[in-house]
Amino acid sequence: MKVVGFSFIRNAIKFDYPIVEAIKSILPICDEFIIAVGKSEDNTKELILSINSEKIKIIDTIWDENLRQGGRVLADETDKAFNQISGADWAFYIQGDEVIHEKYLRIIKDSMEKWKDDKSVEGLLFNYTHFYGSYDYVGDSRRWYRKEIRILKPSKEISSYQDAQGFRINDRKLRVKPIDAWVYHYGWVKSPFNQQEKIKYFNSLWHDEDWIRRNIAPTDKFDYSSIDSLKFFNGTHPEVMQERVKRINWKFDFDPTIKNFGQKAKILHKIEDLTGWRIGEYKNYKII
(Lines give C-alpha, C1' and ligand atoms only; values in the text may rest on other atoms or scores of the structure.)
Protein backbone atom coordinates (compact mmCIF):
# COMPACT_ATOMS: atom_id res chain seq x y z
CA MET A 1 0.00 0.00 0.00
CA LYS A 2 1.44 3.34 -1.08
CA VAL A 3 0.43 6.47 0.83
CA VAL A 4 1.37 9.99 -0.28
CA GLY A 5 0.85 12.98 2.00
CA PHE A 6 0.21 16.42 0.57
CA SER A 7 -0.26 20.00 1.69
CA PHE A 8 0.39 23.65 0.82
CA ILE A 9 1.89 26.55 2.75
CA ARG A 10 3.08 30.15 2.46
CA ASN A 11 4.52 32.55 5.06
CA ALA A 12 4.61 29.80 7.69
CA ILE A 13 7.08 31.64 9.91
CA LYS A 14 5.44 35.04 9.62
CA PHE A 15 2.06 33.65 10.68
CA ASP A 16 3.41 30.98 13.03
CA TYR A 17 1.94 27.91 11.34
CA PRO A 18 2.90 24.53 12.86
CA ILE A 19 3.54 23.14 9.38
CA VAL A 20 6.66 21.24 10.45
CA GLU A 21 4.69 19.51 13.20
CA ALA A 22 1.84 18.84 10.75
CA ILE A 23 4.13 17.10 8.26
CA LYS A 24 6.08 15.18 10.90
CA SER A 25 2.85 13.92 12.47
CA ILE A 26 1.88 11.87 9.40
CA LEU A 27 5.27 11.27 7.80
CA PRO A 28 5.74 7.88 9.54
CA ILE A 29 2.83 6.37 7.56
CA CYS A 30 3.56 8.18 4.28
CA ASP A 31 5.87 6.87 1.57
CA GLU A 32 6.15 10.35 0.11
CA PHE A 33 5.02 13.86 1.00
CA ILE A 34 4.31 16.55 -1.59
CA ILE A 35 4.03 20.16 -0.49
CA ALA A 36 3.28 23.24 -2.57
CA VAL A 37 5.34 26.06 -1.08
CA GLY A 38 4.12 29.47 -2.18
CA LYS A 39 6.51 32.36 -2.72
CA SER A 40 6.84 33.76 0.79
CA GLU A 41 7.99 36.85 2.67
CA ASP A 42 10.01 34.66 5.05
CA ASN A 43 12.09 31.47 4.98
CA THR A 44 9.20 29.05 4.65
CA LYS A 45 10.97 26.88 2.08
CA GLU A 46 14.05 26.59 4.29
CA LEU A 47 11.76 25.66 7.19
CA ILE A 48 10.33 22.75 5.18
CA LEU A 49 13.82 21.68 4.08
CA SER A 50 14.88 21.61 7.73
CA ILE A 51 12.71 18.52 8.24
CA ASN A 52 15.46 16.76 6.31
CA SER A 53 13.47 13.85 4.95
CA GLU A 54 13.96 12.18 1.57
CA LYS A 55 10.21 11.59 1.51
CA ILE A 56 9.45 15.30 1.04
CA LYS A 57 9.03 16.79 -2.42
CA ILE A 58 8.66 20.57 -2.65
CA ILE A 59 6.79 22.31 -5.46
CA ASP A 60 7.49 26.02 -5.75
CA THR A 61 4.32 27.99 -6.51
CA ILE A 62 2.99 31.51 -6.83
CA TRP A 63 -0.43 32.18 -5.36
CA ASP A 64 -3.05 33.69 -7.65
CA GLU A 65 -4.58 36.23 -5.28
CA ASN A 66 -7.23 37.12 -7.87
CA LEU A 67 -8.95 33.87 -6.90
CA ARG A 68 -10.73 35.56 -3.99
CA GLN A 69 -14.25 34.21 -4.45
CA GLY A 70 -14.82 31.76 -1.62
CA GLY A 71 -11.11 31.61 -0.82
CA ARG A 72 -10.55 29.68 -4.05
CA VAL A 73 -6.79 30.33 -4.02
CA LEU A 74 -6.44 27.84 -1.12
CA ALA A 75 -8.13 25.12 -3.15
CA ASP A 76 -5.97 26.00 -6.15
CA GLU A 77 -2.79 25.50 -4.11
CA THR A 78 -4.15 22.25 -2.67
CA ASP A 79 -4.80 20.96 -6.19
CA LYS A 80 -1.26 21.83 -7.28
CA ALA A 81 0.10 19.39 -4.71
CA PHE A 82 -2.66 16.79 -5.12
CA ASN A 83 -2.22 16.64 -8.89
CA GLN A 84 1.43 15.64 -8.47
CA ILE A 85 0.47 12.38 -6.78
CA SER A 86 0.83 9.26 -8.91
CA GLY A 87 0.79 5.55 -8.27
CA ALA A 88 -0.62 5.89 -4.76
CA ASP A 89 -3.43 3.94 -3.13
CA TRP A 90 -4.22 6.80 -0.76
CA ALA A 91 -3.53 10.54 -0.52
CA PHE A 92 -3.29 11.95 3.02
CA TYR A 93 -4.12 15.67 3.18
CA ILE A 94 -3.03 17.81 6.09
CA GLN A 95 -3.24 21.58 6.36
CA GLY A 96 -0.57 23.79 7.90
CA ASP A 97 -2.35 24.13 11.24
CA GLU A 98 -3.50 20.50 11.61
CA VAL A 99 -1.66 17.77 13.49
CA ILE A 100 -2.37 14.05 13.99
CA HIS A 101 -1.68 12.51 17.38
CA GLU A 102 0.63 9.50 17.15
CA LYS A 103 -1.93 7.38 19.02
CA TYR A 104 -4.14 7.42 15.89
CA LEU A 105 -1.53 6.33 13.33
CA ARG A 106 -2.21 2.59 13.71
CA ILE A 107 -5.97 3.15 13.43
CA ILE A 108 -5.47 5.27 10.33
CA LYS A 109 -3.16 2.76 8.67
CA ASP A 110 -5.48 -0.15 9.46
CA SER A 111 -8.42 1.79 8.03
CA MET A 112 -6.52 2.45 4.81
CA GLU A 113 -5.69 -1.25 4.52
CA LYS A 114 -9.31 -2.20 5.19
CA TRP A 115 -10.88 0.02 2.52
CA LYS A 116 -8.04 0.11 -0.03
CA ASP A 117 -9.66 -2.27 -2.50
CA ASP A 118 -13.28 -1.23 -1.96
CA LYS A 119 -14.10 0.89 -5.02
CA SER A 120 -17.21 2.32 -3.36
CA VAL A 121 -15.05 4.08 -0.74
CA GLU A 122 -13.53 7.31 -2.05
CA GLY A 123 -12.24 8.75 1.20
CA LEU A 124 -11.88 8.47 4.96
CA LEU A 125 -13.59 10.86 7.36
CA PHE A 126 -11.83 12.25 10.45
CA ASN A 127 -13.21 13.81 13.62
CA TYR A 128 -11.94 17.25 14.67
CA THR A 129 -10.73 18.89 17.86
CA HIS A 130 -10.42 22.67 17.49
CA PHE A 131 -8.12 24.39 19.99
CA TYR A 132 -8.80 28.01 20.80
CA GLY A 133 -6.94 30.76 22.65
CA SER A 134 -4.39 28.40 24.19
CA TYR A 135 -3.57 24.70 24.21
CA ASP A 136 -5.90 24.21 27.20
CA TYR A 137 -9.26 24.98 25.58
CA VAL A 138 -11.27 23.55 22.69
CA GLY A 139 -14.33 24.88 20.91
CA ASP A 140 -17.55 23.00 21.60
CA SER A 141 -20.20 25.07 19.83
CA ARG A 142 -21.84 24.86 16.41
CA ARG A 143 -19.36 27.28 14.87
CA TRP A 144 -16.76 24.48 14.64
CA TYR A 145 -17.04 21.76 11.99
CA ARG A 146 -16.94 18.29 13.51
CA LYS A 147 -15.74 16.10 10.62
CA GLU A 148 -13.90 16.37 7.32
CA ILE A 149 -12.20 14.21 4.69
CA ARG A 150 -8.45 14.04 5.09
CA ILE A 151 -7.62 10.80 3.27
CA LEU A 152 -8.81 10.06 -0.26
CA LYS A 153 -8.08 7.81 -3.19
CA PRO A 154 -6.18 9.81 -5.83
CA SER A 155 -8.19 10.49 -8.97
CA LYS A 156 -7.98 13.08 -11.74
CA GLU A 157 -11.72 13.63 -11.23
CA ILE A 158 -11.26 14.87 -7.64
CA SER A 159 -10.49 18.49 -6.83
CA SER A 160 -10.30 20.62 -3.72
CA TYR A 161 -13.62 22.27 -2.88
CA GLN A 162 -14.30 25.96 -2.20
CA ASP A 163 -11.64 27.17 0.31
CA ALA A 164 -9.87 23.77 0.54
CA GLN A 165 -11.87 22.42 3.47
CA GLY A 166 -12.82 19.27 1.56
CA PHE A 167 -12.98 17.61 -1.85
CA ARG A 168 -15.53 16.92 -4.57
CA ILE A 169 -15.88 15.04 -7.86
CA ASN A 170 -17.28 17.85 -9.98
CA ASP A 171 -19.98 19.00 -7.55
CA ARG A 172 -20.65 15.58 -6.03
CA LYS A 173 -19.71 14.83 -2.45
CA LEU A 174 -17.22 12.00 -1.94
CA ARG A 175 -18.45 8.69 -0.52
CA VAL A 176 -16.55 8.06 2.69
CA LYS A 177 -16.12 5.82 5.69
CA PRO A 178 -15.73 7.45 9.13
CA ILE A 179 -12.73 6.35 11.17
CA ASP A 180 -12.00 6.61 14.88
CA ALA A 181 -9.24 9.21 14.56
CA TRP A 182 -9.05 12.94 15.25
CA VAL A 183 -7.38 15.91 13.61
CA TYR A 184 -6.07 18.43 16.13
CA HIS A 185 -6.65 21.87 14.64
CA TYR A 186 -4.38 24.58 16.06
CA GLY A 187 -5.34 27.45 13.76
CA TRP A 188 -6.76 29.50 16.62
CA VAL A 189 -3.79 29.08 18.97
CA LYS A 190 -1.27 31.85 18.33
CA SER A 191 -0.14 34.90 20.24
CA PRO A 192 -2.86 37.59 20.04
CA PHE A 193 -0.52 39.60 17.79
CA ASN A 194 0.14 36.73 15.36
CA GLN A 195 -3.54 35.86 15.36
CA GLN A 196 -4.61 39.39 14.41
CA GLU A 197 -2.11 39.44 11.56
CA LYS A 198 -3.37 36.07 10.38
CA ILE A 199 -7.00 37.28 10.51
CA LYS A 200 -6.14 40.22 8.24
CA TYR A 201 -4.12 38.01 5.90
CA PHE A 202 -6.73 35.25 5.79
CA ASN A 203 -9.56 37.65 5.00
CA SER A 204 -7.49 39.19 2.21
CA LEU A 205 -7.85 35.85 0.41
CA TRP A 206 -11.63 36.43 0.32
CA HIS A 207 -12.08 40.20 0.26
CA ASP A 208 -10.59 43.42 -1.07
CA GLU A 209 -8.87 46.08 1.05
CA ASP A 210 -12.02 48.18 1.36
CA TRP A 211 -13.93 45.26 2.93
CA ILE A 212 -11.07 44.62 5.35
CA ARG A 213 -10.99 48.26 6.44
CA ARG A 214 -14.73 48.15 7.14
CA ASN A 215 -14.89 44.76 8.86
CA ILE A 216 -11.58 44.02 10.59
CA ALA A 217 -10.91 45.85 13.86
CA PRO A 218 -8.00 48.34 13.54
CA THR A 219 -5.97 46.74 16.29
CA ASP A 220 -2.74 44.78 16.46
CA LYS A 221 -4.00 42.34 19.11
CA PHE A 222 -6.74 39.75 18.64
CA ASP A 223 -9.44 39.58 21.33
CA TYR A 224 -9.79 35.89 22.21
CA SER A 225 -12.48 36.60 24.80
CA SER A 226 -15.20 37.12 22.18
CA ILE A 227 -16.05 33.41 21.89
CA ASP A 228 -19.38 31.70 22.50
CA SER A 229 -18.37 28.48 24.25
CA LEU A 230 -15.27 26.51 25.20
CA LYS A 231 -14.39 23.50 27.30
CA PHE A 232 -11.17 22.33 28.91
CA PHE A 233 -8.96 19.95 26.95
CA ASN A 234 -8.23 16.94 29.13
CA GLY A 235 -6.07 14.92 26.75
CA THR A 236 -2.44 15.08 25.65
CA HIS A 237 -0.98 16.90 22.70
CA PRO A 238 0.93 15.01 19.98
CA GLU A 239 4.60 14.43 20.68
CA VAL A 240 5.58 16.66 17.75
CA MET A 241 3.69 19.54 19.40
CA GLN A 242 5.24 19.28 22.86
CA GLU A 243 8.04 21.82 22.31
CA ARG A 244 5.64 24.31 20.75
CA VAL A 245 3.23 23.94 23.66
CA LYS A 246 6.08 24.63 26.12
CA ARG A 247 7.05 27.81 24.26
CA ILE A 248 3.67 29.52 24.67
CA ASN A 249 4.35 33.14 25.66
CA TRP A 250 0.89 34.53 26.34
CA LYS A 251 -1.87 33.75 28.80
CA PHE A 252 -5.51 33.06 28.01
CA ASP A 253 -8.10 32.23 30.63
CA PHE A 254 -11.75 31.46 30.03
CA ASP A 255 -14.55 30.26 32.27
CA PRO A 256 -16.10 27.26 30.43
CA THR A 257 -19.29 27.62 32.43
CA ILE A 258 -19.98 30.87 30.59
CA LYS A 259 -21.98 30.40 27.39
CA ASN A 260 -22.32 33.48 25.21
CA PHE A 261 -25.28 32.25 23.16
CA GLY A 262 -28.36 33.90 21.78
CA GLN A 263 -31.65 32.16 22.60
CA LYS A 264 -31.78 30.03 19.42
CA ALA A 265 -28.14 29.00 19.66
CA LYS A 266 -28.62 28.15 23.33
CA ILE A 267 -31.47 25.75 22.51
CA LEU A 268 -29.56 24.12 19.64
CA HIS A 269 -26.46 23.73 21.81
CA LYS A 270 -28.53 22.09 24.55
CA ILE A 271 -30.10 19.64 22.09
CA GLU A 272 -26.67 18.69 20.79
CA ASP A 273 -25.31 18.24 24.31
CA LEU A 274 -28.17 15.90 25.23
CA THR A 275 -28.48 13.90 22.00
CA GLY A 276 -25.30 14.39 19.94
CA TRP A 277 -27.53 15.57 17.08
CA ARG A 278 -26.43 18.82 15.43
CA ILE A 279 -29.55 20.17 13.74
CA GLY A 280 -28.86 21.49 10.23
CA GLU A 281 -25.21 20.41 10.27
CA TYR A 282 -23.33 21.07 7.03
CA LYS A 283 -21.72 17.88 5.73
CA ASN A 284 -19.14 18.08 2.99
CA TYR A 285 -19.24 14.31 2.40
CA LYS A 286 -21.55 11.31 2.07
CA ILE A 287 -21.10 8.54 4.65
CA ILE A 288 -21.65 5.05 3.24
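The values are calculated or read from the model by the stated rules, or taken from the named source; none is laboratory data. For clarity, every value in this text was computed on a predicted model and none was experimentally measured. As a convention, Cβ positions derive from the backbone with ideal geometry for all residues, glycine included, and neighbour counts pool all protein chains shown.
Numbers below:
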| read-out | value |
| --- | --- |
| Selected residue [among the acidic types (D, E) and closer than 22 Å to K147 by Cβ] from D31, D60, D97, D42 | D97 |
| Residues (touching a residue at least 40 places away in the same chain (Cβ under 8 Å), surrounded by fewer than 20 Cβ atoms within 10 Å (Cβ to Cβ) and part of a loop (DSSP other than H, G, I, E, B)) located in the stretch 19-54 | D31 |
| Residue match in the stretch 66-76 (condition: in contact (Cβ under 8 Å) with a residue 60 or more places away in the chain and in a strand (DSSP E or B)) | no |
| Residue match in the stretch 204-221 (condition: in contact with a helix residue (DSSP H, G or I) (Cβ under 8 Å, 6 or more places away or on another chain) and modelled with pLDDT of 90 or more) | no |
| Answer residue from the stretch 260-288, given it is free of Cβ contacts under 8 Å to residues at least 60 places away in the same chain and of a type in the set (K, R) and is surrounded by the most Cβ atoms within 10 Å (Cβ to Cβ) among those | K266 |
| Of all residues making up the stretch 196-251, the number that are outside any loop (DSSP other than H, G, I, E, B), under 21 Å from I19 (Cα atoms) and aliphatic (A, V, I, L, M) | 4 |
| Sole exception among (1) assigned to a helix (DSSP H, G or I); (2) free of Cβ contacts under 8 Å to residues at least 12 places away in the same chain for E113, by number | (2) |
| Residues of the stretch 58-75 satisfying the condition of being surrounded by 15 or more Cβ atoms within 10 Å (Cβ to Cβ), out of contact with any helix residue (DSSP H, G or I) (no Cβ under 8 Å at 6 or more places or on another chain) and at pLDDT 95 or above | none |
| Residue count for the stretch 117-172, restricted to those that are closer than 21 Å to V245 by Cβ and either hydroxyl-bearing (S, T, Y) or not in a strand (DSSP E or B) (or both) | 9 |
| Where D255 falls short, out of the listed (1) assigned to a loop (DSSP other than H, G, I, E, B); (2) over 24 Å from E21 (Cα atoms); (3) touching a residue at least 24 places away in the same chain (Cβ under 8 Å); (4) over 23 Å from the mean Cα position of the chain (by Cα) | (3) |
| Of residues in the stretch 1-18 being assigned to a loop (DSSP other than H, G, I, E, B), within 30 Å of Q196 (Cβ to Cβ) and of a type in the set (A, V, I, L, M, F, W, C), the one farthest from the chain's Cα centre (by Cα) | I13 |
| For E239: the one exception among (1) under 30 Å from P28 (Cβ atoms); (2) among the acidic types (D, E); (3) surrounded by 15 or more Cβ atoms within 10 Å (Cβ to Cβ) | (3) |
| Filtered residues of the stretch 1-43 (kept if of a type in the set (S, T, Y) and more than 27 Å from A88 (Cα to Cα)) | Y17, S40 |
| Boolean, E122 is surrounded by fewer than 21 Cβ atoms within 10 Å (Cβ to Cβ) and farther than 30 Å from H269 by Cβ | no |
| Of all residues in the stretch 79-96 being more than 14 Å from I35 (Cα to Cα) and at pLDDT 95 or above, the one that is surrounded by the most Cβ atoms within 10 Å (Cβ to Cβ) | W90 |
| Every pair of residues 6+ apart whose Cβ atoms lie under 8 Å, when the first sits in the stretch 77-99 and is closer than 19 Å to I48 by Cα and assigned to a loop (DSSP other than H, G, I, E, B) while the second is of a type in the set (S, T, Y) and at pLDDT 95 or above | I94/S7; I94/S25; Q95/S7; G96/S7; G96/Y17; D97/Y17; D97/Y186 |
